[in-house]
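Structure first, then comments.
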There are 2 protein chains.
Amino acid sequence: MTVKLFAMYTKPADEAAFLAHYHETHLPLVMKVPGLEKAVVNRIEKNLMGGEAPYFLIAELHFPDQATFDAAMASPENRAAGKDVMSFAKGLVTMLVASEG
Amino acid sequence: MTVKLFAMYTKPADEAAFLAHYHETHLPLVMKVPGLEKAVVNRIEKNLMGGEAPYFLIAELHFPDQATFDAAMASPENRAAGKDVMSFAKGLVTMLVASEG
């Protein structure tokens, strides 16, 4: 069963700088995490409930199973990606672990 | 480009009743929405930031493009699904429109 990490980012002060760092620096680090099956980046366009959307960007990191996910989280590559998150998105990010189904 | 609707539910008072209604009544209504490519239901297991997770369940409804999404939202099937949401998850749900990439 797919295990997913949802990384949910609230709106940054400088959207362009955030997106540049996200795509040019952060995502390449994430892609090195062992066992990662797929990364999907979703830009939030609209809150159907009205008002401002609570998130600006939601990334999904897909792993094939719990053991692969656990090993991925414990890897040096994941520590590097996590350290990078704290350099550009501290206070903006929420990370949730989910299982599909 | 895939257009996604994220339906994000906070924790209900009665989890078992919520999940029964969700899977037995709500999801079958959602699956009737024209143009829907895929529905993915994610159960949130853990907040990696510590503390309680802000959501209990996150569903993703995938549509192949904006025109299909717009037609889906305007359909009677979607109105029926929306009416059903309000019957079991009013005050629990946030719906965000996103584009991948």
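Every read-out reported here was derived from the displayed coordinates using simple, explicitly stated rules and does not represent laboratory data. As the structure is a computational prediction, the values presented were derived from the model and not from experiment. A quick note on method: Cβ atoms are made from the backbone with ideal geometry, for glycine too, and the neighbour counts reach across all protein chains shown.
P(r) tail for chain A: Cα pairs beyond 17 Å make up 52% of the total.
Straightening the chain between B:LYS83 and B:MET31 buys 17.3 nm, computed as 0.36 nm per residue apart minus the Cα-Cα spacing. Two numbers describe the Cα atoms of the protein assembly as shown: Rg and Dmax, which are 17.0, 50 Å. Taking one quarter of the surface of the C-alpha convex hull of region B:6-46 gives a mean projected area of 3.4 nm².
Ranked by the mean number of other Cβ atoms within 10 Å of their residues, highest first, the peptides A:45-54, A:29-38 fall in the order A:29-38, A:45-54. Only Lys, Arg, Asp and Glu carry charge here, each on its Cβ (+1 for the first two, -1 for the last two); on that basis the protein assembly as shown has a dipole of about 220 debye about its Cα centre. The gain in end-to-end length when the A:ALA39 to A:ALA13 segment is fully stretched comes to 6.9 nm, 0.36 nm per residue minus the alpha carbon separation.
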